[in-house]
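One structure below.
The values are calculated or read from the model by the stated rules, or taken from the named source; none is laboratory data. The structure displayed is predicted, hence computed values, not measured ones. We place every Cβ from the backbone using ideal geometry, glycine too, and count neighbours over all the protein chains shown. Heads up: the accessible areas ignore ligands, DNA and RNA and are worked out on the full protein's heavy atoms, side chains in. Shrake-Rupley method; radii C 1.70, N 1.55, O 1.52, S 1.80 Å.
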Amino acid sequence: IAAAVDIWARGPAAVPPPRQPRTPVLPVEGERNVLITSALPYVNNVPHLGNIIGCVLSADTFARYCRLRNWNTLFVCGTDEYGTATETRALEEGLSPQELCDRYHAVHADVYAWFGISFDHFGRTTTPQQTRIAQDIFQRLLARGFLLQDTLEQLRCESCGRYLADRFVEGTCPFCGYAEARGDQCDKCGKLINAVELKNPQCKLCRGTPVVTPTQHLFLDLPKLEGRLEAWLERTWAVGDWTANARHITRTWLRDGLKPRCITRDLTWGTPVPLDGFRDKVFYVWFDAPIGYLSITANYTDQWERWWKNPQQ
């Protein structure tokens with residue numbers, strides 16, 4: 001504050017000259033290096049003002065502040081493009097998932113450019129770098145024993161020859177009797193539903209009757225990490241800037257005990273699972289999408305690890 005008062009008193013001539021942007025922006029030894037990301041907007045819609053305010057605007061404001069401070073700043077974002085919602089919207093619009101993503105990625109990029117959002121790079125998750133980095137992380141987890149195999153019961157449509165993701169099946173809600181409940185939630189009573197619990201289920205693609213069929217999936221062995229996670233949290237809570245709400249939610253998860261988390265899906269649109277016996281599956285979008293921050297940076301510069309694996313800077 002004292003420095004700001006001093007510069008204000010001395011006038012514009014005392015302001016340091018603005019940093020000359022470099023391409024690509026990379027960490028610099030001895031300087032303050034700031035990497036900024038904002039939540040990856042989902043690609044299957046046209047962004048509106050609420051998306052911008054709730055997603056990219058605060059990060060943009062902070063990026064502008066950092067640049068005004070002459071900090072070495074990289075601001076990246078991009079569209080989140082895999083997952084069931086993309087497949088569903090593509091079917092509605094009569095497009096392939098890739099065609100849908102290409103269309104809406106361009107729409108998003110144009111909207112943010114019109115608003116003057118100051119991304120250094122606005123990318124997407126459907127890239128070779130995304131596949132390479134996601135599969136590498138998977139292989140590391142597998143080699144270190146952090147993955148499990150287990151059987152799930154899912155609805156399969158024999159007419160379509162595919163397992164039905166939650167959004168591809170509807171039926172009667174087992175709780176309130178609503179006849180058009182989705183395979184993940186009832187829009188009438190609001191309760192979450194396991195698709196196999198639906199009464200009179202129907203495939204949304206062909207209106208056939210699916211059958212419950214067992215299928216093998218891979219799970220992240222979160223209980224194996226619970227002790228190490230608790231120790232790490234205690235250290236970071238002591239020195240970090242966690243909100244009271246974030247601490248409460250995290251403690252609730254740990255109190256109830258971490259559970260294995262399924263990271264694969266019986267879909268075609270997604271990052272392929274590179275393991276024999278699972279090559280007809282893709283990664284669950286919430287395993288895959290956070291890795292998009294890394295892969296988007298990797299599309300910006302082949303030296304992306306200098307930002308993501310460089311705690312000294």
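[x] 1.13; [y] 0.97; [z] 1.02: which one is Rg/Rh (Cα atoms, Kirkwood Rh) as calculated from this entry?
The value computed from this structure is option [z].
Please find the FRET efficiency linking F62 to A246, where r is the Cβ-Cβ separation and R0 is fixed at 22 Å, and quote it to the nearest 0.05. Don't skip to the answer; put the middle values down first.
Working: r = 18 Å, r/R0 = 0.84.
Given R0 = 22 Å and the Cβ-Cβ separation, E is 0.75.
DSSP loop (so not H, G, I, E, B), at most 14 other Cβ within 10 Å: list which GluC sites (Glu not before Pro) in the stretch 125-176 pass both filters.
Working: sites: E153, E158, E170; in loops: E158.
Answer by residue number: E158.
For a label point 7 angstrom out from the Cα of V212 toward its Cβ, which stretches of the stretch 240-278 have the backbone nitrogen within less than 19 Å?
Residues 266 qualify, since their backbone N sits under 19 Å from the label point.
Using only Cα atoms and rounding to the nearest 10 degrees, what angle (0 to 90) does helix 84-93 make with the longest principal axis of the chain?
Compared with the principal axis, the helix lies near 80 degrees.
What relative contact order, as a whole-number percentage, does the stretch 154-214 give when Cα pairs under 8 Å and 6 or more residues apart are counted? It would help to have the intermediate numbers written out before the result.
Working: 128 pairs, mean separation 23.2, N = 61.
It comes to 38 percent, rounded to a whole number.
If each of Q313 and R261 carries a label point 7 Å out from its Cα toward its Cβ, how far apart are those two points in nm?
Using points 7 Å along Cα→Cβ, the separation is 3.1 nm.
Considering only DSSP beta bridges where both residues belong to the chain, give the percentage that are antiparallel (nearest 5). Before the final figure, lay out the partial values.
On the way: 23 of 33 bridges.
For the chain, the DSSP antiparallel bridge percentage is about 70.
Report the FRET efficiency, 1/(1 + (r/R0)^6), for A3 and L254, where r is their Cβ-Cβ distance and R0 is 51 Å, rounded to 0.05.
0.75
As an exercise, use a Förster radius of 35 Å and the Cβ-Cβ distance of D184 and S118 to find the FRET efficiency, rounded to the nearest 0.05. Don't jump to the answer; show the numbers that get you there.
Working: r = 36 Å, r/R0 = 1.04.
After rounding, the FRET efficiency stands at 0.45.
Against the longest principal axis of the chain, how steep is helix 226-239, in degrees 0 to 90 to the nearest 10, with axes from Cα atoms?
Tilt of helix 226-239: around 30 degrees.
By residue number, which cysteines of the chain lack any other Cys whose Cβ falls under 4.7 Å from their Cβ?
C55, C66, C77, C101, C206, C262
If you count, for each residue, the other Cβ atoms within 10 Å and average over each peptide, how do 111-119, 290-298, 19-27 line up from highest to lowest? Before the final figure, lay out the partial values.
Working: 111-119: 15.4, 290-298: 22.7, 19-27: 12.8.
Packing order, densest peptide first, comes out as 290-298, 111-119, 19-27.
Averaged across orientations, what area in nm² does the convex hull of the alpha carbons in the stretch 154-214 project?
Values: hull surface 13.7 nm².
Average of the hull's projected areas for the stretch 154-214 equals 3.4 nm².
Determine the share of the stretch 154-214's accessible area contributed by carbon and sulfur atoms, expressed in whole percent, with a 1.4 angstrom probe. Before the final figure, lay out each step's value.
Working: 1420 of 3310 Å².
Carbon and sulfur together cover 43 percent of it.
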